[in-house]
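Here's the structure we're looking at; comments come further down.
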Amino acid sequence: MALEQILLGIVFAAYAIGALAALAARGALGRALVSGGALAGALGGLGLGTVCLGGGRTPIFGASFLPLTGFMVRIDGLSAFFLVLIGLVGAAAAVYGYGYSAAYEGRYSLRMLGAMLNVLLLSLSLQVMADNALTFLIAWEAMSLSAYALVLTEHDRPGTQRAGRWYIAVTHAGFAALVAMFLLMAAGDLTTSFASMRTAALAPRIRDAAFVLALFGFGTKAGVVPLHVWLPMAHPVAPSHVSALMSGVVIKMGVYGLVRVTVDLLGGGPAWWGGLVLGVGTVSALLGVLYALMEHDLKRLLAFHSVENIGIIFIGLGAGLMFQSFGLTTLAALGITAGLYHTINHACFKGLLFFGAGAVLHATGTRNMERMGGLIKRMPRTAFCFLVGACAISALPPLNGFVSEWLVFQTLLGGSVIPQPEVAAIMPIAVAMLALTSGLAAACFVKAFGISFLAIPRSLEAERAHEAPRSMQAGMVWLVLLCAGLGLAPALVLGLLGAAVSGLGRFGPTDVVWSLGLPLRVAGGVGEMSSPLLALGLALMLGLIPLGLWLAGADRRVRIGETWGCGRIGQTARMEYTATAFAEPLRRVFAELYRPSRDLSIDFHPASKYFVQSIEYRSEIHPWFERVLYDPLLHVLGGVATRVRGLQGGSVHLYLAYMTLALLVLLTVARWWR
Amino acid sequence: MIGYVLEVVQAALALLLAPGLVGLVRFLKARLQNRRGAPVWQPYWELTKLFRKEVVVSNNASWLFRATPFIVFASTVAVTFLVPILAVPLPFDGIGDLLVVVYLLLLGTFFLSLAGLDPGSPFGGMGASREMTVAALAEPTVALAIFALALSAGSTNLGQIVARTMTDPGTALSPGHLLAFGALFIVTLAETGRLPIDNPATHLELTMIHEAMVLEYSGRYLALVEWAAAVKLLIFFALLGNLFVPWGVSMTLTAATLAIAVASLLAKLVLLAGAVAVFETRVAKLRLFRVPELLSASFVLALLAVTSSFLLR
């Protein structure tokens, strides 16, 4: 038996055992078995991906492999890359989940959590290996439903049910679009293999329709604006290791699907395809970060940043698609590679940040940043890990976020070679928006880390916080190492990504050629950069400065004193800057977008209005475009639902009549359609 | 080998000249305002004194507060190895292009802002919040100015941008370059905390940004932070001077050209210091919420720069 078959067997078996163990065993043993199964499955998938990607093999497993007919599984470069991604983050989530779910013991259903976690990981792995529409759609639905069950874990908390409803509604709207898309592309037969879809000659109108459906369907999963509404609701209420998986991996299936369908199966299209993806990406990136800035719920903030980062990924992909339509294949490959690089980077640092937020939630019981503070002293390891994640997501060199954003910038800067100036002029706008996004992201993470972890605790819970258990720390450290590794070895990662991209659609091996010396010079790019040497330089510098100070005989005394405060005595947490105050300047700058409502009520002393007895300040942000878009839709849906309710008689005879009627109508339609 | 020596010389020169540059701006400003002013070398005395004083650290602060001066100084000095101050091409050109320079400086700003929040003082928080706001809003202008330069040079590599303008002097006067220069000049004022965005001369005013953020620093930590800020000013001046008016930058690495390079660098620094001093004397500090308007004006300049580069290609 070939190595790939063994590894694939391990993946399926381990997840299945993990899921079954969740139903059978209880307590610490149950949690250990669940985590063990998920870990073994994730590592198996990681091994499978690495073997296929490194060895350049594309094994195909036919229907005979699985008991159900119609299943087709094939692992090409892109599948292998996503298997690696799922394996890396899945393994971390499995380990982290062991410690995190201990607090659920006796409160929430650990059976459901453990089983669905394994089902989710299994369906994700199957998803990226699917080689026909049927397999793809079944895995997609299994992924959506298991994620839905996981979101509802803390079902009695306020907001959870509502988040679940939004999630399941939006995700099924997307699913419907995907079914329609595959029916269009496969001429009605869902068991058609992807290979024959690649060669199918479709009319341009059908291709356009398929693309729009793909963008909508995969966009709902990826959470691009304006289809993102469910994301900031559903991700925060899930258990934190599930949030990490959802933000890190599940939404990446939207990216996977979009690349698979538009680049691979459809082989690229006219320039407006890329332009649309680029536009959607730019808007998502900017709005995602702007809403994140106003958010003071740590997990919701991270969820909005997922919208932002998906936007950055889409910018890379959109630019790639655009270049492809102009025949600039080298630049196109660069754009898609940059997007995929950011995909794996975001999976790592967003997973890490959600783990950190989960550790804080675990220790303080709150997600509200205004009640945190001073955690760096009480949970130093979590704080350090979160800081690394914050630096990575803010694209600070030499971590991984910087490398992929640099690649996206290089792609866009290369865009000036597009022969049509009116199209090429899109690129500088995208560059400016991406730069603004990354600047605002840095501001947002100064807020997130600074308010949550630094200074004085703002509440009793924060003061009593404690370090996370070992298993949770292990999950975080693993992702810290990945963030550093992906940043310091871009040549290695790009080599593997080249293997993943070069097999797609019309890309040949000659289109994806990077010169991967220490200074990274990418084909079609316009600059050079070397993150390992940069890191080395920074490390040298950090060592030399204290040495220099010592040699120069600088004073070494340190006195611990009070924070200086204009003569006031004693400092309390109430004097600290708050998250709201931190974001206030940007709230004013972008007031047109936020349209904040403010409510200030002051109680004056009856004797004089110069003495204030109490002050109350309330401020709220209403994402107005969501109202404009969704309120009419919800209104119409509500109206239709009320009408349809009339059909519900509760009588079995009535329902039988409905079914007969429906069957007759369908048969008539099918008869007269041809 | 001489290239590597030159890299070190360049960084050392930047470190050495930076406090003097700050002193020069202050001196010129004082003279323009009919004051005698402190001598140009005053910042050197200040730094020496600070290095000899003990450090007072707030009891609320964490290790981050004490690590930040080193991170800020290291990242700023790292930039001096990448920016063409005296000569091109240099061996470290391939380590970082203009984008790397921008993000390395952002790294310093990021940590300095965190350190502002760390002692829990409202001043620090206010400074950090404003610093990040200004930095974020300046970012698109910087990116577009880079785009404009990259368009005419075909590269974001600093060495190549300089070399390209040297071989084709006409580009230095192209509207794209001129507009990008204007945009980057405004960004320089914003990023280095000069008037009308920030006032480097005031302490303890509610208008201040950088000074509020570093309020809790003292002794050698403050010296490192202030020195790094001075180096950052020099880096921006060197970028303005050498990317847009590259003449004088040594391209052959002989003794004579290097001497010219040092002389021209000094001349450019003095000129830019004079320009900033005049500018700072002529304008009043903007209200914080008017700053975005200035930054959007610089953004428009940068956008025009790119557009004209596109049209005139």
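Okay, here's what the table says:
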quantity: Qualifying residue in the stretch B:56-72 (condition: at the interface with another protein chain (Cβ under 9 Å from one of its Cβ atoms), within 14 Å of the chain's Cα centre (by Cα) and under 30 Å from B:A261 (Cβ atoms)); calculated: no
quantity: Set A:G561, A:G548: member being of a type in the set (G, A, S), touching a strand residue (DSSP E or B) at 6+ places or on another chain (Cβ under 6 Å) and within 29 Å of B:F70 (Cβ to Cβ); calculated: A:G561
quantity: Filtered residue count, the stretch A:599-627, keeping only those that are part of a strand (DSSP E or B) and either hydrophobic (A, V, I, L, M, F, W, C) or in contact with a Ser or Thr (Cβ under 9 Å, 6 or more places away or on another chain) (or both); calculated: 14
quantity: Among residues of the stretch A:291-324, those that are farther than 19 Å from A:S502 by Cβ and in a helix (DSSP H, G or I), counted; calculated: 23
quantity: Residue in the stretch B:87-107 that is touching a helix residue (DSSP H, G or I) at 6+ places or on another chain (Cβ under 9 Å), in contact (Cβ under 8 Å) with a residue 60 or more places away in the chain and of a type in the set (S, T, Y) present; calculated: no
quantity: Test: A:R458 is basic (K, R), surrounded by fewer than 24 Cβ atoms within 10 Å (Cβ to Cβ) and more than 23 Å from the chain's Cα centre (by Cα); calculated: no
quantity: Some residue of the stretch A:133-148 being touching a residue at least 12 places away in the same chain (Cβ under 8 Å) and assigned to a loop (DSSP other than H, G, I, E, B); calculated: no
quantity: Yes/no for B:T165 being hydroxyl-bearing (S, T, Y), buried (at least 24 other Cβ atoms within 10 Å of the Cβ) and within 18 Å of the chain's Cα centre (by Cα); calculated: no
quantity: Exclusive hit being outside any loop (DSSP other than H, G, I, E, B), out of contact with any Gly (no Cβ under 7 Å at 6 or more places or on another chain), more than 7 Å from every other protein chain (Cβ to nearest Cβ) and modelled with pLDDT of 85 or more, set B:A148, B:A115; calculated: B:A115
quantity: Single unsatisfied condition, A:F590 versus (1) touching an Asp or Glu at 6+ places or on another chain (Cβ under 6 Å); (2) open to solvent by less than 50 Å² (accessible area, probe 1.4 Å); calculated: (1)
quantity: The stretch A:263-290, residues that are open to solvent by 10 Å² or more (accessible area, probe 1.4 Å), of a type outside the set (A, V, I, L, M, F, W, C) and in a helix (DSSP H, G or I); calculated: A:G275, A:G279, A:T282
quantity: Unmet criterion (only one of (1) in contact (Cβ under 8 Å) with a residue 24 or more places away in the chain; (2) outside any loop (DSSP other than H, G, I, E, B); (3) farther than 24 Å from B:V278 by Cβ; (4) more than 10 Å from chain A (Cβ to nearest Cβ)) for B:P19; calculated: (3)
quantity: Among (1) part of a helix (DSSP H, G or I); (2) within 22 Å of A:G114 (Cα to Cα); (3) not hydroxyl-bearing (S, T, Y) - the single one A:A169 does not satisfy; calculated: (2)
quantity: Matching residues in the stretch B:292-313 - criterion: being surrounded by 14 or more Cβ atoms within 10 Å (Cβ to Cβ), of a type in the set (A, V, I, L, M) and at the interface with another protein chain (Cβ under 9 Å from one of its Cβ atoms); calculated: B:A302, B:L303, B:V306
quantity: Selection count, the stretch A:547-560, where residues are within 17 Å of B:W63 (Cβ to Cβ) and at the interface with another protein chain (Cβ under 7 Å from one of its Cβ atoms); calculated: 3
quantity: Top-ranked residue of the stretch B:33-55 - restricted to ones that are buried (at least 18 other Cβ atoms within 10 Å of the Cβ) and within 10 Å of chain A (Cβ to nearest Cβ), ranked as nearest to A:W550 (Cα to Cα); calculated: B:F51
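Conditions (1) more than 21 Å from A:E626 (Cα to Cα); (2) in contact with a Leu (Cβ under 7 Å, 6 or more places away or on another chain), marked per residue:
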{"site": "A:G267", "(1), (2)": "yes, no"}
{"site": "A:W272", "(1), (2)": "yes, no"}
{"site": "A:R300", "(1), (2)": "no, no"}
{"site": "A:F304", "(1), (2)": "no, no"}
{"site": "A:E308", "(1), (2)": "no, no"}
{"site": "A:I315", "(1), (2)": "yes, yes"}
{"site": "A:F326", "(1), (2)": "yes, no"}
{"site": "A:A338", "(1), (2)": "yes, yes"}
{"site": "A:A347", "(1), (2)": "yes, yes"}
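Residues checked against (1) more than 14 Å from chain A (Cβ to nearest Cβ); (2) within 30 Å of B:F147 (Cα to Cα); (3) without any contact (Cβ under 8 Å) to a residue 40 or more places away in the chain; (4) part of a helix (DSSP H, G or I):
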{"position": "B:T202", "(1), (2), (3), (4)": "yes, no, yes, no"}
{"position": "B:Y217", "(1), (2), (3), (4)": "no, no, no, no"}
{"position": "B:A228", "(1), (2), (3), (4)": "no, yes, no, yes"}
{"position": "B:W247", "(1), (2), (3), (4)": "yes, yes, no, no"}
{"position": "B:T252", "(1), (2), (3), (4)": "yes, yes, yes, no"}
{"position": "B:I260", "(1), (2), (3), (4)": "yes, yes, yes, yes"}
{"position": "B:A263", "(1), (2), (3), (4)": "yes, yes, yes, yes"}
{"position": "B:A267", "(1), (2), (3), (4)": "yes, yes, yes, yes"}
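Residues are listed down the side, and each one gets a yes or a no for (1) in contact (Cβ under 8 Å) with a residue 60 or more places away in the chain; (2) more than 30 Å from A:L593 (Cβ to Cβ); (3) among the hydroxyl-bearing types (S, T, Y):
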| position | (1), (2), (3) |
| --- | --- |
| A:V628 | no, no, no |
| A:V636 | no, no, no |
| A:A641 | no, yes, no |
| A:R645 | no, yes, no |
| A:Q648 | no, yes, no |
| A:Y655 | no, yes, yes |
| A:M659 | no, yes, no |
| A:L664 | no, yes, no |
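The values are calculated or read from the model by the stated rules, or taken from the named source; none is laboratory data. Keep in mind that this is a model prediction, so the values were computed, not measured. No Cβ is skipped: glycine too gets one built from the backbone with ideal geometry, and neighbour counts run over all protein chains shown. Just the protein is used for accessible areas: all its heavy atoms, side chains included, with ligands, DNA and RNA removed. Shrake-Rupley method; radii C 1.70, N 1.55, O 1.52, S 1.80 Å.
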